[in-house]
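Just below is one structure, and these are the notes that go with it.
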Amino acid sequence: MVYEGTYGIFSVALVITIAYSYAMEKNESLENVVMYVVVALAAFSAQLNLGTEDFDVAGLGTTGCFAAMFIGYLSCMAFSKLRRCHKLMLEQYTAGMGGGCVLAIRTLIPLGIVAAGSGGLNLLIGRITGIYGCYQWFNHIFYAACQNIADYSNFLSGLLYTFAVNLMWFFGLHGSHILEAVAVHNFGVTGNVVFSKAFYDVYVAMGGCGTTVSVLIALLLFFRKERTGKLAGLASFTVVFNLNEMLTFGIPIILNPILLVPFVLTPVVCYCLAYAATVCGFLPVLTHEVVWSTPVGIGGYLASGSWKGIAVQAVGILAGILFYLPFLKINQRMEVYKAKRHVQVLIHELQEKEEQIDQPVFLTRGDHIGMISRMLLLDLKHAIKNKELYMLYQPQVYSDGICIGAEALLRWNHPVYGMIYPPLIIYLAEAGKVLPELEQFIIDEVTDGIVQTRAQYDSDFKISVNITAHSLLWDIEGYIRQTMEQKEIDAHMLWIEITEQDILLQTDVVVRKLEELKKQGHKLLIDDFGMGHTSLLYLQSEYFDVVKLDGSLTRPLLKSHTNQKIVRSIIELGQELGVNVIAEFVENREQRDLLDTLGCHCYQGYLYAKPLELEEFITYMKQMNEK
């Protein structure tokens, strides 16, 4: 009952998911997605001969996969085109109506045309051929072809079966189930012919369709450190028993044009090798069934009764490794290229959201952006756990040349995608609910940096660290206090920067935590000042000691008189309120001199130094302050 309730309705589920995917690719609304599913189910059901003696329940299961994909796609495509014809849409009958039934009424004629077309075509072909049902047409055609070839040549019929099964698998169809009737009628174990279904299971389908045990070994030998190599390690247990879905869908091999050739032809090569070994007498003709899930080696021994069966399997696997390997290398390069491109698109969209001061939502998306976001989140969790991220330090310098310290900047050099845009790291940590773990790592790294700097530099300095508003929703102030006490660091050596657009002063929790950080002795900075819409509110809050002018104000400063007036006003207001100002993105002397004239005397930017490794920063600060 469980089997029939799952695999027994597999084609029905397949129709639904195809229709859903088709509609999502068209960026349809949820209501339209539902209609696509209804249409596809109607078209599929119309050719099943329900209510007649020609109905076969097997058409609902894996046997009907081909019909499900074929009809599901064509019905959705036809429905999409018919909806564009306004004459077929019953819009005039739904004016003023509300509710979900409106769309159903409007699309009633296109739905009827698609369903009637499917049923009518089934009836027409059935009257001509005497065979009703799409999957039954296909099975009959293939069965007849195999039967005719089998009467002429067992080798050719076996070759056709091997090729067809694996080609179907490449397109996501369970070839063995679809052609089960063909195998039962044509390829039973008789002891009189070489090829049988058991022969295929033992010497061809090693590791599953596509002879994927060769893929598994190739990945474990040559791609251990890559994503696919790790996947192979995870899939090893199942592939031993010839269950390879984790590989075929995880790499992926299914619908991957790069791996089409080896996936389809490797089984053909293994078939030819085993067939030749049998014909020449090296292997005995298989005279008994061997369960398809029997592991490689054991299956070869059981089939042949000696080491010779194992040897033929080994030669086939080795040939498969050599055949797959160059294609797997090409696939790896293409996977990296596509992933890097998707990461760049993701970063571009995030930057657009930042400019619009809009909250990004990437992890829940169903497209490539959502997929790469989720992959990056998993990699980030691993990187935090294994401390693969690191900090750089960008010096902050007064107009007299004295370096007062630095801002600690988070960096992540991904092994595949290279340097990851820092705001993307923070977004992933926030949306993926690993921000506390990330910020604990940052606090640990920065406080260790303070300890190392203090050991080599005996004058006063400070390091500032960035946190977000979400950071204030966990016990970050307690973790900072505990870490500072353990490492015996004075609070004035660690400044806390909070991005202006992230601050939530209206919440009691945030206010309480800011007060606690102030009580501990930390100076609080408003980072990216000028990007948000509530700058004056933050200035009057009395929590912040320093504001950092955002690059959107300082970069165009030399050419924009408006920006000069805004910066002058911020500096003067800060002086009135006792709030100091640091200018970011100071990149040339003219810009620095103008800021000095406007009243800003502390700078951070490439004019002085790029972000530095800790030891480089310590050396830089010593050199600047010894002048």
Out of all the residues in the stretch 228-244, which are touching a residue at least 24 places away in the same chain (Cβ under 8 Å) and either part of a helix (DSSP H, G or I) or touching a strand residue (DSSP E or B) at 6+ places or on another chain (Cβ under 6 Å) (or both)?
-> Thr228, Val239, Val240
What pairs come up if the first residue lies in the stretch 395-407 and is more than 15 Å from Glu613 (Cα to Cα) and assigned by TED's automatic domain parsing to the domain that holds Lys523, the second is at pLDDT 90 or above and of a type in the set (D, E, K, R), and their beta carbons are under 7 Å apart, counting only those six or more places apart or on different chains?
-> Ser399/Asp596; Ile404/Lys462
Scan the stretch 566-588 and give yes if some residue there is at pLDDT below 90, in a loop (DSSP other than H, G, I, E, B) and more than 30 Å from Ala455 (Cα to Cα), otherwise no.
-> yes
Any residue in the stretch 183-202 that is surrounded by fewer than 23 Cβ atoms within 10 Å (Cβ to Cβ), of a type in the set (Val, Ile, Thr) and either under 38 Å from the mean Cα position of the chain (by Cα) or part of a helix (DSSP H, G or I) (or both)?
-> yes
Tell me, please, whether a residue that is under 30 Å from Tyr417 (Cβ atoms), surrounded by 20 or more Cβ atoms within 10 Å (Cβ to Cβ) and touching a residue at least 60 places away in the same chain (Cβ under 8 Å) can be found in the stretch 266-277.
-> no
Scanning for something without any contact (Cβ under 8 Å) to a residue 12 or more places away in the chain and surrounded by fewer than 16 Cβ atoms within 10 Å (Cβ to Cβ), does the stretch 31-45 turn up at least one residue?
-> no
Of everything in the stretch 574-609 that's among the aliphatic types (A, V, I, L, M) and in contact (Cβ under 8 Å) with a residue 60 or more places away in the chain, which residue is farthest from Gln394 (Cα to Cα)?
-> Ile582
Within the stretch 409-426, count every residue that is assigned to a strand (DSSP E or B) and closer than 24 Å to Cys602 by Cβ.
-> 3
For the stretch 597-607, what are the residues that are under 24 Å from Ala408 (Cα atoms) and either of a type outside the set (Gly, Ala, Ser) or touching a strand residue (DSSP E or B) at 6+ places or on another chain (Cβ under 6 Å) (or both)?
-> Cys600, His601, Cys602, Tyr603, Gln604, Tyr606, Leu607
Flag for Thr63 being out of contact with any Ser or Thr (no Cβ under 9 Å at 6 or more places or on another chain) and either aromatic (Phe, Trp, Tyr) or closer than 19 Å to Tyr132 by Cβ (or both) | no
Quick one: how many residues across the stretch 451-470 are of a type in the set (A, V, I, L, M) and either more than 40 Å from the chain's Cα centre (by Cα) or within 18 Å of Lys387 (Cα to Cα) (or both)?
-> 2
Of the residues Ile105, Ile149, which single one is among the β-branched types (Val, Ile, Thr) and at pLDDT below 70?
-> Ile149
Go through (1) assigned to a helix (DSSP H, G or I); (2) among the hydrophobic types (A, V, I, L, M, F, W, C); (3) farther than 28 Å from Glu352 by Cβ one by one and return the number of the condition Ala406 breaks.
-> (1)
Restricting attention to the stretch 408-440, which residues are of a type in the set (Lys, Arg) and in contact (Cβ under 8 Å) with a residue 12 or more places away in the chain?
-> Arg411
Scanning the stretch 396-415 for residues that are surrounded by 15 or more Cβ atoms within 10 Å (Cβ to Cβ) and either closer than 30 Å to Val336 by Cβ or in contact with a helix residue (DSSP H, G or I) (Cβ under 6 Å, 6 or more places away or on another chain) (or both) gives Cys403, Ala406, Ala408, Leu409, Leu410, Trp412, His414
Specify which of the listed residues (Ala303, Ala274, Ala311) is touching a Gly at 6+ places or on another chain (Cβ under 6 Å) and either among the polar types (S, T, N, Q) or outside any loop (DSSP other than H, G, I, E, B) (or both).
-> Ala303
Out of Phe263, Phe237, sole residue that is within 25 Å of Arg333 (Cα to Cα) and either surrounded by fewer than 17 Cβ atoms within 10 Å (Cβ to Cβ) or of a type outside the set (Val, Ile, Thr) (or both) | Phe263
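Would you mind stating whether Leu472 is of a type in the set (A, V, I, L, M), buried (at least 21 other Cβ atoms within 10 Å of the Cβ), assigned to a helix (DSSP H, G or I) and outside the structural domain of Met484 (by TED's automatic domain parsing)?
No: the conditions fail for Leu472.
The values are calculated or read from the model by the stated rules, or taken from the named source; none is laboratory data. Just so we're clear, the structure is a prediction, and the values are computed from it rather than from any experiment. All Cβ positions, even for glycine, are placed from backbone atoms using ideal geometry, and neighbour counts span all protein chains on display.
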